[in-house]
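First the structure, in the form of structure tokens, and then the observations on it.
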Amino acid sequence: MIEIKDLRKSFGNIEVLKSISFEVRGEIYGLLGPNGSGKTTLMKIVAGILKPTSGKVFVEGIDVEKDPLRVKEVIGFVPETPVLYESLTVSELLNLVGKIRGLKREELEERVANFAKAFEIEEFMDSLIATLSFGNRQKVAIISALLHNPKVLILDEVMNGLDVKSAKILRELLFRFRKEGKSILFSTHIMPFAEMLCDRVGVIYEGKIVAEGKVDELKDFAKVKDLEDVFLKLTRGEDISEILSALI
């Protein structure tokens, strides 16, 4: 469970998040918004990486600001740009993550092997992280986040660089996690994926949640037929035809 109450974040005189409040309870919640809307800042605060200027965030009942280390024990986090130890091999990195997470050796070996097979990185297990393609780095970041079977997942643009098969496997895993009652907060620019996956969606624009609800509710609210048009209408990006006519 994630509870966000009147969350604000400023960098100097720039207010990035403006009184954000919502909850994620045993569901898949999609956070949608244009670049610069505050998605990544919000997710880093929920993950205990950034401190809020004001407001409260609770993850599984834990106050994120007061006890960020405990929060990190119960979450799996994939940032927009994963930072991995490039001097380690894939195998070394995943084993390090597993040991930090307290997994026993046999369980760790089994989980690493299963994830490596599922995401088709078995041939890269002895390769240095520095030599991997962007897509394979993303797979390693995802496996690192899922390895300890977290109660809460925070996924920032997690589909970036994934091939079709890996994207489908991740999608099915998220459905399984939701069935187990886990809470998933993720951001994406891929509207069809969000429409297919989300129980609820929050549209963030200029640091505020401008609409929230089930996909069909948002379509009715915006009087449009698909989520992409909801997004464009609520973030003032609907004049695409005028933009295109000026370019051609």
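One table, with the values for the structure above:
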{"read-out": "Counted residues, segment 85-104 - those being exposed (fewer than 13 other Cβ atoms within 10 Å of the Cβ) and more than 24 Å from the chain's Cα centre (by Cα)", "value": "2"}
{"read-out": "In segment 184-211, the residues that are charged (D, E, K, R) and either crowded, with 18+ Cβ neighbours inside 10 Å or modelled with pLDDT under 90 (or both)", "value": "Glu195, Arg200"}
{"read-out": "Of all residues making up segment 218-230, the number that are farther than 23 Å from Lys5 by Cα and in a helix (DSSP H, G or I)", "value": "8"}
{"read-out": "Condition broken by Ile204, with the remaining ones in (1) assigned to a loop (DSSP other than H, G, I, E, B); (2) farther than 20 Å from Leu94 by Cα satisfied", "value": "(1)"}
{"read-out": "Identity of the residue in segment 72-84, buried (at least 20 other Cβ atoms within 10 Å of the Cβ) and aliphatic (A, V, I, L, M), that ends up farthest from Phe11 (Cα to Cα)", "value": "Ile75"}
{"read-out": "Segment 80-139 - residue that is hydroxyl-bearing (Ser, Thr, Tyr) and under 28 Å from Arg70 (Cβ atoms) and, of those, modelled with the lowest pLDDT", "value": "Thr81"}
{"read-out": "Qualifying residues in segment 110-136 (those that are in a helix (DSSP H, G or I) and of a type in the set (Gly, Ala, Ser)) - the one nearest to Pro79 (Cα to Cα)", "value": "Gly135"}
{"read-out": "Residue match in segment 177-200 (condition: closer than 24 Å to Gly36 by Cα, touching a residue at least 60 places away in the same chain (Cβ under 8 Å) and in contact with a His (Cβ under 9 Å, 6 or more places away or on another chain))", "value": "no"}
{"read-out": "Residue within segment 162-171 that is touching a residue at least 40 places away in the same chain (Cβ under 8 Å), touching a Lys or Arg at 6+ places or on another chain (Cβ under 8 Å), on the phi < 0 side of the Ramachandran plot and part of a loop (DSSP other than H, G, I, E, B) present", "value": "no"}
{"read-out": "Scan of segment 212-248 for residues that are modelled with pLDDT under 70, among the aliphatic types (A, V, I, L, M) and surrounded by 12 or more Cβ atoms within 10 Å (Cβ to Cβ), ordered by number", "value": "none"}
{"read-out": "Qualifying residue in segment 52-62 (condition: in contact (Cβ under 8 Å) with a residue 60 or more places away in the chain and at negative phi)", "value": "yes"}
{"read-out": "Residue selected from segment 135-159 under the condition in contact with a Ser or Thr (Cβ under 9 Å, 6 or more places away or on another chain) and of a type in the set (D, E, K, R), by the criterion farthest from Thr89 (Cα to Cα)", "value": "Lys151"}
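The values are calculated or read from the model by the stated rules, or taken from the named source; none is laboratory data. Computed from a predicted model, the values in this text were never measured in an experiment. All Cβ positions, even for glycine, are placed from backbone atoms using ideal geometry, and neighbour counts span all protein chains on display.
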